[in-house]
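Asker: Mind having a look at this structure? Questions to follow.
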Amino acid sequence: MTERTRLVLFAIATVAAKSVDAFSTLAPPAAKKSSTNAAATAGLFSGLKRASLKKQLIEAANGQDEQLVIQLVDELSALNPTSFPTYGLGGFTGDASASTSMSPPLDGEWRLLFTNAKDAEAPARTEKKREKGSGGFEDEVREGVDITTGQRIDAEAGQCINYIYAKGEKRPFDQLEITIKMTALSPTRVRLDFQRGRALNENAPLPFLKDFRFSFPPALVGDVLSLLRGKDPNVEPPAFFDVLYLDDQIRAHRTGEGKLFVQRRP
């Protein structure tokens, strides 16, 4: 092979190599664009499905359809847009590199939309109603009494106030508030330590019951009971809940006792 032929072949190989490099450089953006489009389409589909499920959930909650509510919450949990619900709760950041400008998702006011925990409004259930087809009775709110149940969360302080407001001539009280310390144990689990309560009742038969305040046992007592049951209070404390779904309108969580709560922003 002559020197001239060798130089020609070398030049051809060089041009071919540069062409391959150029193609390799151009290919990733095209692939990236395709991937971005696919992600956008998937995101749009998820958003539409989420909106539909939320609408159905609100309707089912208003109708107190427990089985349907549970089913819809299970479906929504797979579309939960908030991967770190407990961020900022009492300063909790976990191991995530979340933006410091992110607001604590749990913070603010919530109104109870549905729960299968009968004790959530137990203090307001003073009327006995016979269950159909049984010899037993079930407590319910007295007719003519309007009950508002909700929660105010101060995420920065790691504290919430659960409240029940009652209106109507036959109301058993005016207002009941329970102050609870909230501690994030993971990105989705929150420990609850009940601290104190206050009950207001202007119609109370005794003066000291018009504004009655009380305290709960210290958290240490519950921790000892958990240890005696063979549970780690840092993982499964006496009272806790796991966030199943959370966005700027709806929140669903399940307690350690398996009770479901669905709440909504007022």
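Asker: Which pairs turn up if I take residues in segment 40-52 that are in the same structural domain as Val73 (by TED's automatic domain parsing) and look for partners that are modelled with pLDDT under 95 with beta carbon separation below 7 Å, at least 6 apart in sequence or on another chain?
Answerer: none
Asker: Can you name the residue in segment 111-165 that is out of contact with any strand residue (DSSP E or B) (no Cβ under 9 Å at 6 or more places or on another chain), farther than 28 Å from Leu246 by Cα and not polar (S, T, N, Q) and, of all such residues, is modelled with the highest pLDDT?
Answerer: Going through the qualifying residues, I end up with Gly144.
Asker: For segment 179-226, name all the residues that are touching a Gly at 6+ places or on another chain (Cβ under 8 Å), more than 20 Å from Ala239 (Cα to Cα) and either aliphatic (A, V, I, L, M) or not assigned by TED's automatic domain parsing to the domain that holds Gly91 (or both).
Answerer: Taking segment 179-226 first, the residues touching a Gly at 6+ places or on another chain (Cβ under 8 Å) are 179, 181-184, 186-187, 193, 213-216.
Going one step further and asking which of them are more than 20 Å from Ala239 (Cα to Cα), we end up with 213.
Selection gives nothing.
Asker: Name, by its number, the condition in (1) of a type outside the set (S, T, N, Q); (2) in a strand (DSSP E or B); (3) under 26 Å from the mean Cα position of the chain (by Cα) that does not hold for Glu236.
Answerer: (2)
Asker: What pairs can you find where one residue is in segment 144-161 and surrounded by fewer than 17 Cβ atoms within 10 Å (Cβ to Cβ), the other is not in a strand (DSSP E or B), and their Cβ atoms are less than 6 Å apart, with a gap of 6+ or different chains?
Answerer: Short answer, once both residue conditions are applied: Gly144/Gly168; Gly144/Lys170; Asp146/Gly168.
Asker: Sticking with this structure for a sec: List the number of the failed condition for Gly258; all other conditions in (1) modelled with pLDDT of 95 or more; (2) surrounded by 12 or more Cβ atoms within 10 Å (Cβ to Cβ) hold.
Answerer: (2)
The values are calculated or read from the model by the stated rules, or taken from the named source; none is laboratory data. What you see is a predicted model; the values in this text were computed from it and never measured. Quick reminder, even Gly has a Cβ in these numbers, built from the backbone with ideal geometry, and neighbours come from all protein chains shown.
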